[in-house]
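One structure is given here, and the rest of the page talks about it.
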């Protein structure tokens, strides 16, 4: 009954295995699947025969069943021979098929016609001698012996030798290894068969266990097909050592315990059972423990190298020279993946990937715009093995290119290191030392550890520039002092009627934002705040130049709007293409308590009115400088009458666009809140509090430069006699602040009355009106301050006819479109 | 039970199974007759039986282990941490890390997180919930776990202190070189203990990877900025030589460190008059380049370019306006009038401007000597314009001191050699570009293997018929 169950279990197991065989060798795979299924069938039929015997089934039927088993033996070994003869071939030749058919037919004939079942219970067979007469005496061989000798030994043995010779001639180490595993399997089967035959003499029923050897043989064939790694000496030693510790030594030890304690069996069954069980358990546990310990030795690690490989990759020291880093990476590949050589290509800046490292003197380039790179990126194929090119249908259109690449690079695998759609470089891995190809496990590991290859690629791309860092940092350090000094170089407001506070905090070293205060006369002060596009030292350079240029222009320009136009022209024609300035120009006239301003794209301009204790946004529309040739038609001078306690807060976009850790934007509301909360403090404290509020909100390093200017109007009473005198002295000098102006009047009563006149841009600015000002309002000139020796004249404000203005604006819009187009092209 | 415990039990169970099956097969399945066989035979049979049993149980053991790992790490509560660990592998920046904290730990696993750089006392990230947003929490954590806290994983108790028993933990934190990642989770007890080791290892690797990427990003950013700056500076210089009436011009510009304080400009005033300028700002590198940009653009925007004195004053004022202590420029400013055949110039301490003119006995060199002090640092007084006659085929050479001060192996400056003078005379008959090439070749020949120590800038103008 036990044998019946065991055979049933074996049958189920063999059939299950046959449905789970996955190898890369389709033809041979089907052969071993057939063998597994036949071994399963034999096990099932054997179980059936057992059942017939146990339950006294019909004798004739039992005999037929046992003949069927013999026939299946013939089929099994004929297919084994066919498998050997066609090993590593893509197709079974007609000749081999014919031979197989002949062997099966002959075997069927012998098993049915020449062999009879002698003992159904013990599965013994008998047959007549092959020869008769004298020849029978000379060669006393029976059909049974011929049957067994030919089908179980001669046929597989002969075909096995052919397989070995063919593998030897193929010069493929992997093929030879696979053939060797098959041979070992066959030898194992023969030994097992002989052992079984030996045991059968004592225990005839043990013969029913022979399907186990068939299944084992088929499984060994499966193993030889699915195993695509070539065992080198270390791997083979490791394998053998582990098998010895895990299986062989425990087997011999436990068998020894069993045999040694055997004499106790007759004395005390119970004690014998307990002792054998106890000692066996102890031996198994100890050797299992030793086996685990053995696996921890790095030299005896298993073929599953991912953990150790990752550990090694994570230990690469990127502070070292690039050659050392590459050597380390190659050593890691050699150690864990058996890669023989490696070539690394990186972007050389000329739309080419060129060799940055090679261990086998490869020298080739790859065009970064090659079609295959696009295809690899589009299909997210970052790890590609040579063998995959033929089978991956997504790569069909670039198959030829990839094949050529693998040949050109003498590689078997590539790892594409990309940053978005930009390829940083490619690692080419040469063939494995063991001769095997890169397999699915390698792919899984490479994919899992791709981040390490990315870091390597990023390092290779940038390390060439590392020497620049020292120079640049030194230059920045030296320049930062100069730039800070230039930034701080301004005519600080010293007028009791107004308190000005500002803050400039660059996010990284130096930036392109600035605040400037220019003293024109005792009653006139210019404020400029803004940001030159770009970041870092290049933007700083533009900022420094622009700041100086504004002062130079002031020497000859006496119209506020023209000043802005000149700055606009300067940016457009003299600074690098694409540079623009987003900011605000203000002119404070203390005599009339009026602030004139031109919004040049300042994102935030807030006005706090003390009377109503609220903050409103007043910047309206503005156009950044540097986009259009002529800003005059679209720039507007606005004016705002300030009352005591009013605060104007201006900030660049760095402040309001800053994000917190959770991704929230600081926004204008928080700035408004900061103004409302701290209106009682001096302007310098207010900007500090606003900055504190930002820091608290962000809780991380600054993302962008932060620049703020707060102007706090103190009151009319503070006009001093000295100022009056200055005005009188400077009375001949004039500075024209208006053209087509808009007035901003913080008085709400007036605002309410003027709502109808408020332009569309002033929805949030109840204090804005569109009252046209006197076109020739004269403002004392700044020449007393800037020491210009040029004669001053009063510039007439430009009065644009509506039609002309519209046309000009349209032209300007076209220019802006052109500019954007050009910028996009440049990008 | 934790994965490790489960694995141990499975391992022990497998050992028991092997012993049991071995005994059963040997004791019950083998008939008595076999007992009578020779010991060696019996021994071999037992070996085979054991091998069969061991192979089968070993296979089952491996499968059971895989099943346990899958079940423990990829299902249930621990799977959240496992997913997080798997995602860390592909984080290259803090932003990537914050993203997976939000997506996995906060949204999926209902955890809250505070991520602190305790050395800088800086919160890198905190989840938007009451506990982690509360300043008291941060204060307590900072107080309890200083930056010197040993690397590893620690369980957090209910009062934000340390607990040794994971069952009583309300969270845990990972500490790696002063960077602390606090994860608050009321079901910490349900996480498999085996997850912490790979979690910490991956966290450490992330820190290291981010630092590497960040360092390299800085290199990338700086080198890009550096290139942009050089490009910006070159934009201030003439992009191409203008076509001038009866004048041919060639120039050479080689900054020592990517950017420099040397500059030159050619600004046509009208058909016959051209403003030629070449100068050198004190110092080198970026600070000098900043002033160079300032000077170039100041000159560019001045409307009356014929008034050389005003230009000098404007430049002087622009530099002084910057209120820098040690920045000034030497500069040669001139207007070549090809109608009157004159050159009017202000030489603000610039060395070596020369007119090479043809004479019966060969070429003669006429220096355009300094008539003004350095610009931008001292008070300028008495700036006046000098004038020289020009003749057909006269060649005017403007060069920064980097040219004449190139030294050979013995420390001899090029300007002091006869070879320099001879080359100028010999090449004077050539076109300006050829002349420039000859001088450049001479410079590199003279310096040999020595490094250059200064920016080299030259401009050569030739009056043609």
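Quick note: the coordinates plus some simple rules give every number you see, no bench work behind them. Owing to the predicted nature of the structure, the values given are computational and were not obtained by experimental measurement. Don't worry about glycine lacking a Cβ; one is built from the backbone with ideal geometry, like all the others, and counts go over all protein chains shown.
Taken over region A:569-698, the convex hull of the Cα atoms encloses 132 Å³ per residue.
Each listed q (0.04, 0.07, 0.09 Å⁻¹) maps to a log10 I(q)/I(0) for the protein assembly as shown, found by the Debye formula over equal Cα scatterers with no solvent: -0.43, -0.91, -1.24.
Taking 0.36 nm per residue of separation and subtracting the Cα-Cα distance, full extension of the segment from residue A:54 to residue A:612 would add 190.2 nm.
Averaged over the residues of peptide A:693-699, the number of Cβ atoms from other protein chains lying within 10 Å of each residue's Cβ is 1.
Which FRET efficiency value, to the nearest 0.05, is calculated for residue B:425 and residue A:695 with the Förster distance at 60 angstrom and r the Cβ-Cβ distance? Calculated transfer efficiency: 0.35. Full extension of the chain between residue B:235 and residue B:165 yields a length gain of 18.5 nm, computed as 0.36 nm times the residue separation minus the alpha carbon distance. Take the alpha carbon gyration tensor of region A:108-152, find the square roots of its eigenvalues, order them as a ≥ b ≥ c, and report rounded if a/c is under 1.5; if not, report prolate when a/b exceeds b/c, else oblate. Here region A:108-152 falls in the prolate category. Shown is the FRET efficiency for residue A:403 and residue B:381, computed with R0 = 60 Å from the Cβ-Cβ distance and rounded to the nearest 0.05: 0.15. Computed over the alpha-carbon atoms, region A:385-524 gives an Rg to Rh ratio of 1.36, Rh here being the Kirkwood radius from the mean inverse distance. Taken residue by residue and averaged, Cβ atoms of other chains lying within 10 Å of the Cβ of A:570-577 number 3.
All C-alpha to C-alpha distances of chain B, sorted into 10 Å bins beginning at zero, yield P(r) values of 4, 15, 16, 10, 7, 9, 11, 10, 7, 5, 3, 2, 1, 0 percent in whole numbers.
The spacing between region B:240-305 and region A:427-460, judged by their C-alpha centroids, is 53 Å. Taking 25 °C and 0.890 mPa s as conditions, region A:476-552 diffuses translationally at an estimated 187 µm²/s according to Stokes-Einstein applied to its Kirkwood radius (Cα pairs). Please compute the Kirkwood hydrodynamic radius over region B:324-404, one decimal place, Å, based on all pairs of different Cα atoms. This gives a value of 13.8 Å.
Each listed q (0.14, 0.15, 0.24 Å⁻¹) maps to a log10 I(q)/I(0) for region A:87-162, found by the Debye formula over equal Cα scatterers with no solvent: -0.60, -0.67, -1.15.
Extending 7 Å from the Cα toward the beta-carbon at both residue B:453 and residue A:137 defines two label points whose distance is 11.9 nm. When the Cα gyration tensor is reduced to axis lengths a ≥ b ≥ c, the ratio a/c is 1.5 or higher for region B:123-175, and with a/b not above b/c it is classed as oblate. Our helix-only sum for the protein assembly as shown, with -39,500 (n - 2.57) per DSSP H run of n ≥ 4 divided by its residues, gives a mean residue ellipticity at 222 nm of -15500 deg cm²/dmol. In region A:435-468, which residues have a backbone nitrogen under 19 Å from the label point lying 7 Å from residue A:352's Cα in the Cα-to-Cβ direction? Under cut-off, by backbone N: A:461-462, A:464-465. Full extension of the chain between residue B:143 and residue B:326 gives 61.0 nm of extra length, using 0.36 nm per residue less the Cα-Cα distance. Which log10 I(q)/I(0) values does region A:543-615 give at q = 0.19, 0.23 Å⁻¹ under the Debye formula, counting every alpha carbon as one identical point scatterer? At q = 0.19, 0.23 Å⁻¹ the computed log10 ratios are -0.88, -1.14. If you plug the beta carbon distance of residue A:265 and residue B:108 into 1/(1 + (r/R0)^6) with R0 = 60 Å, you get a FRET efficiency near 0.50.
Under the definition of partner shielding as Cβ atoms of other protein chains within 10 Å of a residue Cβ, what is the mean value for peptide A:377-384? Display every interim value, and only then the final one.
Working: counts 0, 0, 0, 0, 0, 0, 0, 0.
The mean count of partner-chain Cβ atoms within 10 Å per residue comes to 0.
Among A:323-336, A:125-138, sorting by the average number of other beta carbon atoms lying within 10 angstrom of each residue, highest first, gives A:323-336, A:125-138.
Sorted on the mean count of surrounding Cβ atoms within 10 Å across their residues, most packed first, peptides A:708-714, A:447-453, A:599-605 read A:708-714, A:599-605, A:447-453. Note on residue B:444 and residue A:15: the model spin-label points, each 7 Å out from Cα along the C-beta direction, lie 8.4 nm apart. Start at zero, step by 5 Å, and the Cα-Cα distances of region B:201-286 spread as 3, 11, 16, 14, 11, 10, 8, 6, 5, 4, 4, 3, 2, 1, 1, 0 percent across the bins.
How do A:390-401, A:523-534 rank on mean C-beta neighbours within 10 Å, highest first? Don't jump to the answer; show the numbers that get you there.
On the way: A:390-401: 13.2, A:523-534: 24.2.
Highest to lowest by the protection proxy: A:523-534, A:390-401.
Spin-label model, residue B:271 to residue B:340: label points 7 Å out along the Cα-to-beta-carbon direction sit 1.8 nm apart.
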